[in-house]
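Asks: Dumping the structure here so I can ask a few things about it.
The values are calculated or read from the model by the stated rules, or taken from the named source; none is laboratory data. Keep in mind it's a predicted model, so treat the numbers as computed, not measured. Please note: Cβ atoms are built from the backbone with ideal geometry, for glycine as well, and neighbour counts cover all protein chains shown. Note: areas computed on protein heavy atoms with side chains; ligands, DNA, RNA excluded. Shrake-Rupley method; radii C 1.70, N 1.55, O 1.52, S 1.80 Å.
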Amino acid sequence: MTAPPDLREKIARDLAPVRPLRPPLVRALALVPLAAAILVAVPALRFFRSDIAAIGFLRAWGFSIGQAIAGIVIVAAALREAIPGRSLPRTVIAGIVACGVIIPAVLLALTAPRFDIGPAAGHALAEGIGCFRASAFAAVPALIAAAFLAARAFPTRPSVAGALYGLGGGLIADAGLRLYCEYSQPEHVILAHGGAIAASIVVGVALAWVTRVVKDG
Amino acid sequence: MVPGAKNEQDAAEQALVALMQHYLGGRIDAFDGLYDALASRLRGYLLSLCRDAALADDLLQETFVQTHRSRRTYQPGRPVTPWVFAIARHVYLMNRRSTGRRLRLEERFASEVRASDVPHDDVRTLADADRVRRALRGVPADQREALVMHHVQGWSFADIAARLGIRVNAAKTRAFRGMRRMREQLK
């Protein structure tokens, strides 16, 4: 089969040499400075958790850096998902989502001395909203950067790509938040911190669709 | 798949990879080569999805336009076929989403008969093809996709699994169940 003349002409008019996108993991490394900034800015703009000296450098900064790296790796998976023909298998997606839940939970379990540390009576809602807001806002720069990187590719499943980079951005923000919030009460952790990560996923999906629609004109 | 066919397929894929490199470099003859090598298979694939010859032609053109627009997402050295077919599938899904309609098999068959110069003694062959297509329509979409990709497009189960984001065994199961369902429909 030969190309129809009108199609060939259309292609020829726009045919300039292009440089292929770099591999997903390399492109995701662009988020490293941003992740580092988020990690430092969240506690620095407020205050560091009161027990930061007691838990030690490894469990404070080490674990947060590890969680931020996990977030960047998940964004890299989203960028891979955004390349046609390289969609992630369902089992891998399920594994990534499981990691997104397990990593913060395990780090909390390894850091918190006990699981009843929470806001003072009557302040649970305000403190919860504060943590949710801080985490959600901290995720915004990472989400925008990840959405931009993904939009440069061609996500054939925008919802999956968006959910993955939303999860990655949420984890990066939460890595900063755990240097600021020392509460370990399950309801606070699940609703405020987990809720912020879930919100980040929802925003990621919405961003992926918006960029898709904008790109399609 | 026999080793000879596999080698042939690998060689064809390598040729596509080379063409794609030239296409990224801005050569129109590379586009011609890609079109020549892929258009027929892509059209068959799109036809199996939309079951409308005219729509498949439109989607084929749109696939090449989208392929052109997103050519920077091709990663040099990687197989071209899954990349292009993923774009084709996306084009189909976008079309289905935006139009929100499915054309009936009978309409397509009628249009094919009207449009073609098929001699009358070939009508029976067409009728058989129509029976197969009707049977195919009764196969669930996920099974039909695997069935067509393997038995019509000649994809390996590993390629199908990679394309659909499922395990190899799941691809085999889908194709097997699809074939069984189709046989039941043809009885």
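Asks: Provide A:L108, B:L60 ordered by accessible surface of protein heavy atoms (probe 1.4 Å), highest first.
Replies: Accessible-area ranking of A:L108, B:L60, largest first: A:L108, B:L60.
Asks: Say the dipole of the stretch A:23-216 comes from +1 at the beta carbon of Lys and Arg and -1 at that of Asp and Glu; which of A:A153, A:G204, A:P43 then lies farthest toward its positive end?
Replies: Checked the options; the winner is A:A153.
Asks: Treating cross-link reach as a plain straight distance, find the aspartates and glutamates whose alpha-carbon is under 16 Å from the alpha-carbon of B:K172, omitting any fewer than eight places away in the same chain.
Replies: B:D142, B:E145, B:D159
Asks: Output the direction-averaged projected area (hull surface divided by four) of the convex hull of the alpha-carbon atoms of chain A, in nm².
Replies: So the mean shadow area of the Cα hull is 14.3 nm².
Asks: Same structure again: Cα to Cα, under 14 Å, and not fewer than 8 places away if on the same chain: which aspartates and glutamates meet these conditions relative to B:K187?
Replies: B:D128
Asks: Build a GNM of chain A with springs between Cα atoms under 10 Å: which of A:L39, A:L88, A:L149 gets the top mean-square fluctuation?
Replies: A:L88
Asks: What's the angle, to the nearest 10 degrees (0 to 90), between helix A:124-152's Cα axis and the longest principal axis of chain A?
Replies: 20
Asks: Can I ask one more? Counting only protein heavy atoms, probe 1.4 Å: which residues of the stretch A:66-111 lose 20 Å² or more of accessible surface in the full assembly compared with their chain by itself?
Replies: Listed by number, the residues meeting the 20 Å² cut-off are A:I83, A:P84, A:G85, A:R86, A:S87, A:P89, A:R90, A:T91.
Asks: Could you rank B:S156, A:S64 by how accessible they are, 1.4 Å probe, largest area first?
Replies: Sorted descending by solvent-accessible area, the residues read B:S156, A:S64.
Asks: Roughly what angle does helix A:32-45 make with the longest principal axis of chain A, taking Cα atoms, 0 to 90 degrees, to the nearest 10?
Replies: On a 0 to 90 degree scale, this one is about 30.
Asks: When only the heavy atoms of the protein chains count and the probe is 1.4 Å, how do B:E62, B:E145, B:E8 rank by accessible area, highest first?
Replies: Reading off the accessible areas and sorting them downward yields B:E8, B:E62, B:E145.
Asks: Shape call for the stretch A:156-217 from the C-alpha gyration tensor, a ≥ b ≥ c root eigenvalues: rounded (a/c under 1.5), prolate (a/b greater than b/c) or oblate?
Replies: prolate
Asks: Moving on. Quote the accessible area belonging to A:D6 in square angstrom, nearest 10, computed with a 1.4 Å probe and with ligands, DNA and RNA left uncounted.
Replies: About 110 Å², ignoring ligands and nucleic acids.
Asks: I'd like the interface area for chains A and B: accessible area of each alone minus the complex, both sides summed, 1.4 Å probe, protein heavy atoms only. What is it in Å² to the nearest 100?
Replies: 3200
Asks: Using only the alpha-carbon atoms, how far is helix A:90-111 inclined from the longest principal axis of chain A? Give it as 0 to 90 degrees, nearest 10.
Replies: That helix lies at roughly 20 degrees to the long axis.
Asks: With every protein chain left in place and a probe of 1.4 Å, what is the accessible surface of B:L19, to the nearest 10 Å²?
Replies: 40
Asks: What are the principal axis extents of the Cα atoms in the protein assembly as shown, in Å, biggest first?
Replies: Largest first, the protein assembly as shown extends 88, 50, 42 Å along its Cα principal axes.
Asks: Helix-derived [θ] at 222 nm for the protein assembly as shown: sum -39500 (n - 2.57) over DSSP H runs of at least 4, divide by residue count, nearest 500?
Replies: Calculated from helices alone, the mean residue ellipticity at 222 nm is -23500 deg cm²/dmol.
Asks: Over the stretch A:23-216, what percent of the accessible surface lies on carbon and sulfur atoms, probe 1.4 Å?
Replies: Carbon plus sulfur share of accessible area: 77 percent.
Asks: Looking at the stretch A:3-19, which residues lose a minimum of 50 Å² of accessible area between their chain alone and all protein chains in place, measuring with a 1.4 Å probe and not counting ligands or nucleic acids?
Replies: By number: A:L7, A:R8, A:I11, A:L15, A:V18.
Asks: How much accessible area per residue does the stretch A:23-216 have, counting only protein heavy atoms and a probe of 1.4 Å, in square angstrom?
Replies: Value returned for the stretch A:23-216: 44 Å² of accessible area per residue.
Asks: How much solvent-accessible surface does A:V101 expose, in Å² to the nearest 10, with a 1.4 Å probe and all protein chains in place?
Replies: For A:V101, the solvent-accessible surface is approximately 100 Å².
Asks: Report the residue, chosen from A:A16, A:A173, A:A147, that carries the largest GNM mean-square fluctuation when chain A is represented by alpha-carbon nodes joined by springs under 10 Å.
Replies: A:A16
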